Each structure stands twice: as structure tokens, then as C-alpha cells.
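Report on the structure given below.
The values are calculated or read from the model by the stated rules, or taken from the named source; none is laboratory data. Remember, it's a predicted structure, so these values are computed and weren't measured experimentally. All Cβ positions, even for glycine, are placed from backbone atoms using ideal geometry, and neighbour counts span all protein chains on display.
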Amino acid sequence: MKKDNFIIANKKFSSRLIVGTGKYKNMLECAQAIKTSGADIVTVAVRRVNISDKSKPRLMDFIDPKKITYLPNTAGCFTSKEALRTLRLAREIGGWKLVKLEVLGEKKNLFPDMIETLKSTEILTKEGFKVMVYCNDDPLMARRLENAGASAIMPLAAPIGSGLGIQNKVNLKIIRKQTKLPLIVDAGIGQASEAAEAMELGCDGVLVNTAIAKAKYPYQMAEAMKLAVKAGRKSFISGRIKPILFGSASTSNKGII
């Protein structure tokens, strides 16, 4: 079997689990959960997480950006203008070019505004950013994002923070079949079995935040997600059996007594 590498924007990563840094009780808990998860990419909400004010606790004091890849995101942005400003600021602060774009359409369900998202993707890629894009699970829009130069497609499984799990497996399968880009399920995962399911559908990775940060025991959930993503990926690349309607005996009738 050929090597199964996880590559985004020409960079290889060891873990297919990406973890968010929001919603934890404190930065210490966040750092420990990330360590337990084995993730080597973490999302950072530039508008919410302190990464520049040295007079206050900074994320860098707990999570070493030399060991863990920071993925600045535009959480809380509702227009292309806000998102562009946020990521340009991130580049100025930390030199980050690999970024996660999300432009939200409304505050209740936090669905992406795909018109603003597509416009932002086109602008950012022309400016040299490597853009991983939070989007809806529309195969047509996923293709447009790919054509616009996106580095990864990140469709939601369900609304952000809902924990509802994957709601539209068919669309994810279609996107998987049509794109050569990394496909990462983003938003809506609630438990480890759902992360495994995403991987068994052929997704390249899973992004989890709320399901770990708000679990009763975050460290145990972080470990569960790590194992689930590994198991789901192994299951997918192993090649599942073809489903059939009727039973099939496990042993041959040859030489039966």
C-alpha cells in the first residue's frame, strides 16, 4: 500500500485531526487537550484569541507555534471586508499565509455566506495566501472554490457547535469524488464515532472544537477523537466490502461434513 500522507498547500502533517482553541475554561486546559489529541494544526480566531499583547496571557505561551502549526481564522467575520482585514493583520503579526477563511451569513445558525466567501477566496489567493475555506456542503460551490485557488475545502457537517453530526453524507461523497483538494469536515461533529464516519466517507481530515472543549472530560474526548480519526482513515483506505442485501456465509462449503 502506498504512503498515506496528509498534505495541505505542499506541507505534510502527521495528524488528520485539526483542533480549535476556543471555548475551553482556560488556555492551560486548551493546551493539554491539544497535546492529548495529537493534533499538529490548531485554529486560532484572530479576533478573539490574544496572540500579540504581551502584557496578557498569550496563546503562544501555552502552545508553541514552532511545534504546532497555527491556522489563523476569521471567526466572527460577516463580510468579505472584515475577513480580508483580519487575515492581512494575521500575516502582519505572525507571517501566516496558511489561513482558514470563514465568512458567516447570519448570527443564529452561523451558516457561511458563500457569495462573500467565494469573493474573499479569489482575493486572498491572488495575494499569496493559502486558503482553507469553511463552506456549505454544496458540490457546485466546492468546485468554484477549487477553481478560485482554495488550498482545502472545509464543508460543515452541521451548524457550528451543534454537535448534530454529519447531516448530508451524499453531498460529502460527491465533493470527495470531484475534488483533488484536501477535504476536511468542519463544524457540527459531536462525538468520536462521527469523526470516524467522516473519515470513512473519504474525507482527508476533521476539525473539532466544541465537542472537545465542552465535553464533560475534554482530555478523554480529545484522545477519543484522535483514535477515531485514525481508525476511520484506516477503514477507508482498507477498502470496505460491497454491501449486499442477503447474508453470506463466512466459511466455504468446500469439504463440508
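The number of residues in the range 207-246 being surrounded by 15 or more Cβ atoms within 10 Å (Cβ to Cβ), out of contact with any Lys or Arg (no Cβ under 7 Å at 6 or more places or on another chain) and of a type in the set (Val, Ile, Thr) comes to 2. Of the residues that make up the range 81-92, is at least one at pLDDT below 95 and in a loop (DSSP other than H, G, I, E, B)? Checking the range 81-92: not a single residue is at pLDDT below 95 and in a loop (DSSP other than H, G, I, E, B). Strands (runs of 3 or more DSSP E) fully within the range 122-188 that include at least 2 residues being among the β-branched types (Val, Ile, Thr) and within 23 Å of Met225 (Cα to Cα): 184-186.
When the residues of the range 96-111 are filtered to those that are under 20 Å from Val185 (Cα atoms) and surrounded by fewer than 24 Cβ atoms within 10 Å (Cβ to Cβ), the one that is nearest to the chain's Cα centre (by Cα) is Leu98. You will find that of Ala215, Ala211, Ala224, the residue that is within 22 Å of the chain's Cα centre (by Cα), without any contact (Cβ under 8 Å) to a residue 40 or more places away in the chain and in a helix (DSSP H, G or I) is Ala224 and no other.
May I ask you to verify whether Asn73 is touching a strand residue (DSSP E or B) at 6+ places or on another chain (Cβ under 7 Å), under 25 Å from Ala39 (Cα atoms), of a type in the set (S, T, N, Q) and crowded, with 24+ Cβ neighbours inside 10 Å? Yes, satisfied.
Of all residues in the range 139-156, those being in contact with a helix residue (DSSP H, G or I) (Cβ under 7 Å, 6 or more places away or on another chain) and within 28 Å of Ala213 (Cβ to Cβ) number 5. Residues that are in contact with a Cys (Cβ under 9 Å, 6 or more places away or on another chain), among the aliphatic types (A, V, I, L, M), part of a helix (DSSP H, G or I) and over 29 Å from Tyr217 (Cβ atoms) are absent from the range 96-105 altogether. Residues that are surrounded by 22 or more Cβ atoms within 10 Å (Cβ to Cβ) and among the aliphatic types (A, V, I, L, M) within the range 193-206 comprise Ala195, Ala196, Ala198, Met199, Val206, listed in sequence order.
Is it the case, given these coordinates, that Ala158 is over 19 Å from Asn5 (Cα atoms), under 15 Å from the mean Cα position of the chain (by Cα), surrounded by 20 or more Cβ atoms within 10 Å (Cβ to Cβ) and modelled with pLDDT under 95? Against the criterion (over 19 Å from Asn5 (Cα atoms), under 15 Å from the mean Cα position of the chain (by Cα), surrounded by 20 or more Cβ atoms within 10 Å (Cβ to Cβ) and modelled with pLDDT under 95), Ala158 qualifies. Taken over the range 10-38, the residue count meeting the criterion of being surrounded by 15 or more Cβ atoms within 10 Å (Cβ to Cβ) and under 14 Å from Asp204 (Cα atoms) is 5.
Per the listing Gly255, Gly232, Gly247, the residue uniquely modelled with pLDDT of 95 or more and of a type in the set (Gly, Ala, Ser) is Gly232.
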